1. So if I place +1 on the C-beta of Lys and Arg and -1 on the C-beta of Asp and Glu, and nothing else carries charge, what would the dipole magnitude of the chain be about its Cα centre? I want it in debye, nearest 20.
2. Given THR289, TYR484, SER92, which one lies farthest toward the positive end of the charge dipole of the chain, if we put +1 on the Cβ of every Lys and Arg and -1 on the Cβ of every Asp and Glu?
3. Using the Karplus equation 6.51 cos²θ - 1.76 cosθ + 1.60 (θ = phi - 60°), what ³J(HN,Hα) coupling, rounded to whole Hz, does each residue of the stretch 286-303 give in order, writing x for Gly and Pro?
4. For the stretch 51-94, compute the orientation-averaged projected area of the C-alpha convex hull (one quarter of its surface), in nm².
5. Could you point to the residue in ALA331, ALA189, GLN159 farthest towards the positive end of the chain's charge dipole, with +1 and -1 charges on the Cβ of Lys/Arg and Asp/Glu respectively?
6. Could you tell me the ratio Rg/Rh of the stretch 345-492? Both radii from Cα atoms, Rh via Kirkwood.
7. Whose amide H sits under 5 Å from the amide H of TYR129, counting only residues 5 or more places off or on another chain, with H placed in the peptide plane?
8. Calculate, in nm to one decimal, what LEU323 and THR140 gain on full extension: separation in residues at 0.36 nm each, minus their alpha carbon distance.
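A short reminder: the numbers here are calculations on the coordinates, not readings from a lab. Predicted model, so just to flag it, every value in this text is computed and none were measured. Using ideal geometry, Cβ is built from the backbone for each residue, glycine included, and neighbour counts are taken over all protein chains shown.
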Amino acid sequence: MKKKIGLLLAMLAALVMMVGVFGNPTSAQAADSSLAKIQKKGVLVMGTSPDYPPYEFQATVKGKSAVVGMDVKIGEKVAKDLGVKLKIKSMSFDSLLVALQTGKVDMIISGMNPTPARRKNVDFTHTYYKGGYEIVINKTDKGKYKNKDSFGGGTLGAQTGTTQYNAAKKQTKNTKVKGMTSQSDLILALQSHKLDGVAMEKPSAEAYVSNNKQLAAIPSNFSMSSSATSSAIAFRKGSTSLVNKVNQTVDQIKKENLVKKDYLPAAGKYLKTNTVNTSMGHYWKAFLTGIEYTLIITVCSVFFGFIIGVLLALARLGKGNFLKSLLRWIATAYVEFIRGTPMMVQVMFVYFGLGLFVNLPALTSGIIAISLNSGAYVAEYIRGGINSVDIGQTEAARSLGMSNGETMRFVVLPQALKNIWPSLGNEFITLIKDSSIVSIIGVTELIYQSNIVRSDTYRGVAPIVVIMVLYFILTFTASRILNYFERKMQHA
Ligand code: ARG
């Protein structure tokens, strides 16, 4: 047993070293070719977290939900000046830096402050905007809270991975600081009195307040360095030629004061339309897209997960020679490891970690991660099912001259599947719900779409109720269909 644990630890150490050694290109490699690479590729992928109006947020443009805001206008100008197309990739703010370092995006424009801690891992352009920080509260609490020091005994919210989250943690006393990945969730928590205030940059605070009469903004009084109150564009470490080129655009934006004269007013127009038609029926296309992607992920994951499960189950039942024992050991280690790590971590590892070696789209990464996860659980169902088939069946088949493979394929597996059909059905239903996990890497399934509708309409609870009903319809319909086939199998 000790030998096996040693071997497993050695394998894990090798994997970690591989990612460390190959994960980050040396600055020499990246410095010379960064600009040429982008211009050769013809596309500049911008990473952003569209929950931060007026920097970046979702709005309905010509009947379709789109990412808009001053950072998008800046991204469009940067791409135009580079002579390439702009592609926007949305994800949670705390996923942006790892997405940049693993090559999922080429730059981050997301109201990001060029702090010294971030400069250790990425390069920033000159700053393009200078904000400041406020705290959004419920208007009914206007007299109660004055600034960050008024929240003693209360709870202050801030987006995880941000400057304001760190400031709230370090500069408040006797205050519980609650981090959430989405700014929209923070506002929803504030409105449902789970939080007493939400710290964010001033332009964003003013945007939320202008769209929601029940909210108000107060000064934060955070003491922040200049780099913590400015915004800049982030590029991979060592992208010197690209940063120098984009700095020309940033300097022009500042010289012509385009943010104040053009980009913020343009964002303001979309902010107003958000409150025009906020009925959930208006967003039926978004929810339909969410259902489509949820079903694609579920069906693919069940299919590939089942194949992986059968192979793992057969491997775990193997015995006799060295190869079968090795396969049994590998299958056992895989099942234990997958069942011992959270699916969210597995999704991020496949998308970002494997992204160091092969650039997989978010949807493909999500399906791979969920299939690998499901396979470990299905393997246990199938192994249990095979073991539940009376040994006499195998003996009878063998006595008729059937080989081991034929016995397994034509006698044991069909009976095993009949026994484990309910468990496989539960796995399918579970995957319909678990598929929502891929929203963290920007796959547009139901949860992702509800976040879009929430940040588009500034309505917190309604989108949640809609997707609850939609998930129930999907799982209830699936269970009815599975029960129908189970009854057919029982009478077969
Ligand atoms: N300026 C802060 C930071 O850089 C917050 C940015 C949040 N941006 C967003 N799109 N949610 O940490």
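1. Details: 57 positive and 30 negative charges, 125 e Å.
Computed charge dipole of the chain: roughly 600 debye.
2. SER92
3. Listing the rounded values in order: 4, 5, 5, 4, x, 5, 4, 5, 4, 5, 4, 5, 5, 5, 5, 5, 5, 4 Hz.
4. On the way: hull surface 14.0 nm².
Over every viewing direction, the Cα hull of the stretch 51-94 projects on average to 3.5 nm².
5. Projecting each Cα onto the dipole axis, the largest value belongs to GLN159.
6. 1.13
7. Placed amide hydrogens put SER231 under 5 Å from TYR129.
8. 58.9 nm
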